[in-house]
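One structure is given here, and the rest of the page talks about it.
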Amino acid sequence: MIRLGAVSYLNTRPLVFGLEEQTALARRSGEAAKAARFSLRFDVPARCAELLHANDVDLGLIPSIEYPGHDYRIVPGVSIASDGPVASVAIFSKVPTERIRSIALDTSSRTSIALLRVLCARWFDIDPRLERMPPDLGRMIAECDAALVIGDNALFMDHDALGLEKVDLGEEWIGMTGLPFVYAFWAGRPGVVGAADSAALQDARDRGLGATATIGRQSFPDSPEKAARADLYLRENVKYALGEPEIAGLRRFYELAAEVGALATAETPRFY
């Protein structure tokens, strides 16, 4: 049995939902061996990476910034990415981007912080002071010109009502590079999974992508409006492929992150 460490966030749900559906279908059809292929546990992104580093899981759905510096391989074909506006990773600013002098950081995403550093240095042409804070927008905006916010908080925030400008980092990345941005992927040590395991994870992804409306309703059972927005977000904003464009974007991210000091060195993605 392959031990999987995953993140129970909205944008990861199609990958996880697909695995749960796959296991349930296998059990109902009596395919016990297939049903027992994976075991699954959930943690926050940083903890997911820590478990993989400690060999407490075999594969982790890890943030892309956690890959360099380790002898890992990536499961082919599956990622959490964007190819335009991502909607859930953004800075919210009181001032125009060129006038930002300080940004409060939601510390729960090292990948988003590295992406922000790259964009500030290579695209926005600003050098703001970066302040790490708990994800409390009121305090963040009170103490800094802008705030990096991720996840549901960024997706559902009514920035117009708050008088803030939303700068979508996925959109800015593709504006700068013309390439998709890869936020996370399944990774583990060499030899942990074979071709059949990779195919099972790809199939689980496809099952999940066919159930985004269900995922939206399950995630927000008391809010049809949020459920519909979640469905649209999973279908339109988040991409789950890992083909040549995404790999090129990942390579470029590692190169630029190393240039601005967010990584020690750039690293070439390697695959099972």
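Per-structure values
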quantity	calculated
Selection within the range 190-207 - basic (Lys, Arg) and open to solvent by less than 50 Å² (accessible area, probe 1.4 Å)	Arg205
Count - residues of the range 179-207 that are among the small types (Gly, Ala, Ser) and under 18 Å from Asp152 (Cβ atoms)	1
Selection count where residues are outside any helix (DSSP H, G or I) and of a type in the set (A, V, I, L, M, F, W, C), scope the range 216-258	4
Residues of the range 175-184 that turn out to be outside any loop (DSSP other than H, G, I, E, B) and either open to solvent by 50 Å² or more (accessible area, probe 1.4 Å) or in contact with a strand residue (DSSP E or B) (Cβ under 7 Å, 6 or more places away or on another chain) (or both), as a count	4
So Ala187, is it of a type in the set (A, V, I, L, M, F, W, C), open to solvent by less than 70 Å² (accessible area, probe 1.4 Å) and part of a strand (DSSP E or B)	yes
Residue match in the range 106-115 (condition: among the small types (Gly, Ala, Ser) and farther than 17 Å from Glu66 by Cβ)	no
Candidates Arg229, Arg207 - the one that is on the phi < 0 side of the Ramachandran plot, modelled with pLDDT under 95 and among the basic types (Lys, Arg)	Arg207
Cβ-Cβ under 9 Å pairs, at least 6 apart or on other chains, the range 142-171 side at negative phi and open to solvent by 60 Å² or more (accessible area, probe 1.4 Å), far side in a loop (DSSP other than H, G, I, E, B) and of a type in the set (Val, Ile, Thr)	Glu165/Val95; Glu171/Val86
Any hit, the range 124-138, residues being under 30 Å from Ser198 (Cβ atoms) and open to solvent by 20 Å² or more (accessible area, probe 1.4 Å)	no
For Gly261: the one exception among (1) open to solvent by 10 Å² or more (accessible area, probe 1.4 Å); (2) closer than 21 Å to Leu59 by Cβ; (3) outside any strand (DSSP E or B)	(2)
Some residue of the range 92-106 being open to solvent by less than 10 Å² (accessible area, probe 1.4 Å), at pLDDT 95 or above, closer than 26 Å to Asp231 by Cα and among the polar types (S, T, N, Q)	no
Only one of Ala211, Ala230 that is surrounded by 14 or more Cβ atoms within 10 Å (Cβ to Cβ) and within 17 Å of the chain's Cα centre (by Cα)	Ala230
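Residues are listed down the side, and each one gets a yes or a no for (1) part of a loop (DSSP other than H, G, I, E, B); (2) closer than 24 Å to Pro135 by Cα; (3) among the hydroxyl-bearing types (Ser, Thr, Tyr):
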position: Arg41; (1), (2), (3): no, no, no
position: Arg47; (1), (2), (3): no, yes, no
position: Asp71; (1), (2), (3): yes, no, no
position: Ala90; (1), (2), (3): no, yes, no
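Listed here are the residues, each with its yes/no results for (1) in contact (Cβ under 8 Å) with a residue 24 or more places away in the chain; (2) open to solvent by 10 Å² or more (accessible area, probe 1.4 Å); (3) closer than 23 Å to Val238 by Cα.
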position	(1), (2), (3)
Arg37	yes, yes, no
Leu40	yes, yes, yes
Pro45	yes, yes, yes
Arg73	yes, yes, yes
Ser112	yes, no, yes
Leu115	yes, no, yes
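The values are calculated or read from the model by the stated rules, or taken from the named source; none is laboratory data. Remember, it's a predicted structure, so these values are computed and weren't measured experimentally. Every residue, glycine among them, receives a Cβ derived from its backbone with ideal geometry; neighbour counts consider all protein chains shown. We work out accessible area using only protein heavy atoms, side chains counted, and drop any ligands, DNA or RNA first. Shrake-Rupley method; radii C 1.70, N 1.55, O 1.52, S 1.80 Å.
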